[in-house]
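K.L.:
There's a structure below that I have some questions on.
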Amino acid sequence: MTAATAFRSFIQALPKTETHLHFEGALPLELLRRVRPEFARPPASWAWDFKFRDFAHFEDELIDMVFAWFTTPERYHEAARMIFARHLAQNVKYVETSFASGCIEFGGVNGREVLAAIRAAVPPELEVRIFLGIHHNGAGPGMRPVLEDALGWKDLAGIDLHGGEDRPLEPWTADYWAAARRAGKYTKAHAGEFMGADFVRRVLDELQPQRIEHGARAVEDPSVVAEIKRRGVGLDVCPISNHKLMPGVTLANHPIRGLFDAGVTVTVSSDDPISFGNTVTDEYLALAAHRGFTRAELARLARHGFEVALLPPEAKRKWLAEIDRLASL
Ligand SMILES: [Zn+2]
């Protein structure tokens with residue numbers, strides 16, 4: 001076996017998690033092609049050196065693809081079966097994925113039905129927690145009743161703040177995040193991808209999320225990094241997504257190195273694979289190739305995923321022990 005093959009085998013064998021995955025952004029290319037034959041070739045953004053001009057460029061292309069497929073709960077179910085099969089093929093054992101409230105608001109699907117459709121596709125070997133992703137202005141009059149109802153959806157694990165970070169953080173948000181926690185839901189928020197460390201701090205203070213999605217720019221202020229650690233908040237980082245979308249960031253200078261070395265609980269995920277052409281495995285390989293992560297460090301990243309996972313302690317112990325065994329070989 002060559003060294004490269006052995007390294008790939010090590011990553012494959014590691015029990016892994018994916019905790020930052022936009023469900024609609026994980027649309028399999030094969031399904032997109034059924035409704036949009038012009039995608040016989042993958043999107044241009046799958047190229048390694050592709051860089052989106054800005055968030056609007058990314059969002060416009062993503063929405064165009066997503067709305068072409070996700071029109072019914074049946075289509076969510078069909079996509080979910082393929083998405084979760086790919087997780088199992090990569091030895092991913094635990095997934096957190098969020099579906100977008102925008103598909104309820106603008107696509108006309110029923111949120112409760114979408115949740116049930118995704119849930120019904122979960123294979124027995126995979127643990128999946130499903131979240132509702134809500135954009136900054138996602139609580140208009142038509143959506144208020146849906147958001148209130150959603151806190152009673154038994155199979156909904158939690159909520160996540162999505163969408164353009166530079167749009168105003170509206171007054172309803174903090175109240176809703178608090179209400180979600182009172183209803184037993186886990187709370188996340190996107191911050192620190194486009195807006196800086198000040199915004200991460202503001203989100204921590206106002207929304208008090210239990211996890212931050214991205215959080216990369218927290219590295220710009222050591223006091224924010226310290227606050228993240230003090231609160232025990234994990235960061236669900238997506239290096240390849242950031243490489244192709246985040247201004248000024250590439251894999252070669254990615255803040256995950258600084259955050260990891262500072263002792264922050266960082267995990268790795270693919271974010272929106274239909275836009276970036278990536279997998280969880282690609283994220284580990286990229287960090288090894290471009291950011292100097294060793295086998296032991298990749299094993300620690302995998303550990304972090306299970307440490308933050310919404311799993312009972314005995315389930316965590318099983319996967320953590322397996323990671324430790326593989327790292328010691
Ligand atoms: Zn995201």
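FYI, it's all coordinate maths here, none of it is from the lab. The model shown is predicted, which means the values in this text are computed figures rather than measured ones. Methodologically, a virtual Cβ is constructed for each residue, glycine included, from the backbone with ideal geometry; neighbour enumeration extends over all protein chains shown.
K.L.:
May I ask you to verify whether residue 32 is closer than 30 Å to residue 318 by Cβ, assigned to a helix (DSSP H, G or I) and away from the ligand (no atom under 16 Å from the Cβ)?
P.N.:
Numbers: closer than 30 Å to residue 318 by Cβ: no; assigned to a helix (DSSP H, G or I): yes; away from the ligand (no atom under 16 Å from the Cβ): yes.
No, not satisfied.
K.L.:
Also: Those residues that are of a type in the set (Lys, Arg) and over 20 Å from the mean Cα position of the chain (by Cα), I need them from segment 32-82; list them, please.
P.N.:
Residues of segment 32-82 that are of a type in the set (Lys, Arg), as a first pass: 33-34, 36, 41, 51, 53, 75, 81.
Answer for segment 32-82, where residues must be of a type in the set (Lys, Arg) and over 20 Å from the mean Cα position of the chain (by Cα): 33, 34, 36, 41, 53, 75.
K.L.:
Looking at segment 110-120 only, could you name the residues that are surrounded by fewer than 19 Cβ atoms within 10 Å (Cβ to Cβ) and aliphatic (A, V, I, L, M)?
P.N.:
116, 120
K.L.:
Considering segment 45-89 alone, what residues qualify as being of a type in the set (Asp, Glu) and assigned to a helix (DSSP H, G or I)?
P.N.:
Within segment 45-89, 59, 60, 61, 64, 74, 78 qualify.
K.L.:
Scan segment 227-242 for residues that are hydrophobic (A, V, I, L, M, F, W, C) and within 14 Å of the ligand (Cβ to nearest atom) and report the count.
P.N.:
4
K.L.:
Tell me, please, whether a residue that is crowded, with 19+ Cβ neighbours inside 10 Å and more than 16 Å from the ligand (Cβ to nearest atom) can be found in segment 1-14.
P.N.:
The answer is yes; a qualifying residue exists.
K.L.:
Same structure, new question: Considering segment 41-62 alone, what residues qualify as being away from the ligand (no atom under 15 Å from the Cβ) and among the hydrophobic types (A, V, I, L, M, F, W, C)?
P.N.:
Residues satisfying the conditions are 44, 46, 47, 48, 50, 56.
K.L.:
Among 287, 320, which is the only one that is of a type in the set (A, V, I, L, M, F, W, C), more than 14 Å from the chain's Cα centre (by Cα) and surrounded by fewer than 23 Cβ atoms within 10 Å (Cβ to Cβ)?
P.N.:
On inspection, the qualifying residue turns out to be 320.
K.L.:
Still on this structure, I have one more. If residue 220 passes every condition in (1) within 16 Å of the ligand (Cβ to nearest atom); (2) more than 18 Å from residue 96 (Cβ to Cβ) but one, which one does it miss?
P.N.:
(1)
K.L.:
Which members of segment 279-304 meet the condition of being within 16 Å of the ligand (Cβ to nearest atom) and over 19 Å from residue 5 (Cα atoms)?
P.N.:
none
K.L.:
Sticking with this one: Mind listing whichever residues of segment 186-201 are farther than 18 Å from residue 22 by Cβ and in contact with a strand residue (DSSP E or B) (Cβ under 8 Å, 6 or more places away or on another chain)?
P.N.:
Matches in segment 186-201: 199, 200.
K.L.:
Return yes or no: is residue 38 within 15 Å of the ligand (Cβ to nearest atom) and either surrounded by fewer than 17 Cβ atoms within 10 Å (Cβ to Cβ) or in contact (Cβ under 8 Å) with a residue 60 or more places away in the chain (or both)? So that I can check it myself, show each step before the final result.
P.N.:
Numbers: within 15 Å of the ligand (Cβ to nearest atom): no; either surrounded by fewer than 17 Cβ atoms within 10 Å (Cβ to Cβ) or in contact (Cβ under 8 Å) with a residue 60 or more places away in the chain (or both): yes.
So residue 38 does not fit the description; no.
K.L.:
For segment 243-274, give me each residue that is within 16 Å of the ligand (Cβ to nearest atom) and polar (S, T, N, Q).
P.N.:
Within segment 243-274, 267, 269, 270 qualify.
K.L.:
Working only within segment 149-167, note down all residues that are surrounded by 13 or more Cβ atoms within 10 Å (Cβ to Cβ) and either of a type in the set (Asp, Glu) or over 19 Å from residue 200 (Cα atoms) (or both). Don't jump to the end; show me each part of the working.
P.N.:
Kept after step one, since they are surrounded by 13 or more Cβ atoms within 10 Å (Cβ to Cβ), are these residues of segment 149-167: 150-151, 153, 155-165.
Answer for segment 149-167, where residues must be surrounded by 13 or more Cβ atoms within 10 Å (Cβ to Cβ) and either of a type in the set (Asp, Glu) or over 19 Å from residue 200 (Cα atoms) (or both): 150, 151, 153, 155, 156, 157, 158, 160, 165.
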